[in-house]
Amino acid sequence: MRSNGRTSTRFWRWRRSPLRRRSDVVEAWIVLALWVLALVGGAAVTLAAGSAVVHIHERHRAERYAVQAELTEAVSAAVPTADGVKAQVRAPVRWRDRYGVVQTATVSVEASGPAGSKVVFWTDRWGTPTTPPVTGAGVAAQTLAAGALALGAWGGLVVAVGCAARGCLDRFRMDQWAKEWAEVGPAWRRRTT
């Protein structure tokens, strides 16, 4: 490696020098700690957020049940909307829950025929109609979104802590420089006059 005779400024806070101040060393340790927090903490926060989303969806899959019911009223085959044809419609249905009790509700079902037709919808463990659990690509997309959001929030927190620490160090340096100038400044003024 060829040197051009100039001293490298990389990692100058870590090298011994008569110009290096104690606050420079503190700043070097703060920067190192922030990088470690950003990398290790960011990975941990991202994984934790992703696994929390997966856990929530696994719980939803375990608590939701597909129920076969029959329509109590006729439902039209398709419902026209402004942007096309709506495949899901709200319809009154009747079914027996796990305990054999007859339940009725108005739920979203695939558009289909006359009263008495069989339809499938989802309920939670209390028998309340609900949406089907998210699976496959939906879980992956929500996991990635939660991880990215958590990583962004963690990064913002680390940057805010770094800026606050840097601001405290800068105020400390300014106070030190003011004290030093108060000692040295009068001697310089006498020389120039």
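Bear in mind these aren't lab numbers, they're just calculated from the coordinates by the rules spelled out. Everything quoted here is computed from the prediction, not taken from an experiment. As a convention, Cβ positions derive from the backbone with ideal geometry for all residues, glycine included, and neighbour counts pool all protein chains shown.
For the listed peptides 161-174, 37-50, a ranking on the average number of other beta carbons within 10 Å per residue, highest first, reads 37-50, 161-174.
In plain terms, the chain from residue 141 to residue 115 could stretch by 5.5 nm, reckoned as 0.36 nm per residue minus the Cα-Cα distance.
Label point of residue 68 set 7 angstrom out along Cα-Cβ; within region 111-152, amide nitrogens under 14 Å from it belong to 117-121. A cut-off of 5 Å between modelled amide H atoms, ignoring neighbours fewer than 5 places along the same chain, links residue 122 with 67, 130. Packing, as the average of other Cβ atoms within 10 Å across residues, places the peptides 16-23, 92-99 in the order 92-99, 16-23, highest first.
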